[in-house]
């Protein structure tokens, strides 16, 4: 029982006179040493640092309790007005074109490269 341990430890060290000299960091260290042995701390640190998201796992997005509401129009989670419902581009928000035809290049620099279309790409097979 942590409370019983703390009361006995505090009394052995000098009671309330000793208690006012103890910092939070010191208390935390004492508590961890008593109830969370160093070997266990090290094991959990190693386990934590070895955790990796595999390719078969999917990111869950915002943490639980902070997820966006499901849109009744498109079924996706987002805030604000649904661009599918109003027929605007998902990339820039402008009307009269779709995302695949959007001329806005978000990765280009500001040196006039945004208006240029990327070059053709493809595969070459040699025999």
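Matching residues to (1) surrounded by fewer than 10 Cβ atoms within 10 Å (Cβ to Cβ); (2) at pLDDT 75 or above; (3) not in a helix (DSSP H, G or I):
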| position | (1), (2), (3) |
| --- | --- |
| 66 | yes, no, yes |
| 81 | no, yes, yes |
| 85 | no, yes, no |
| 104 | no, yes, yes |
| 117 | yes, no, yes |
| 127 | yes, no, yes |
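Residue count for the range 1-35 satisfying the condition of being exposed (fewer than 12 other Cβ atoms within 10 Å of the Cβ) and not in a helix (DSSP H, G or I): 6.
The values are calculated or read from the model by the stated rules, or taken from the named source; none is laboratory data. Just so it is clear, the model here is predicted, and its values are computed rather than measured. Because the Cβ atoms are built from the backbone with ideal geometry, glycine has one as well, and the counts that use them run over all protein chains shown.
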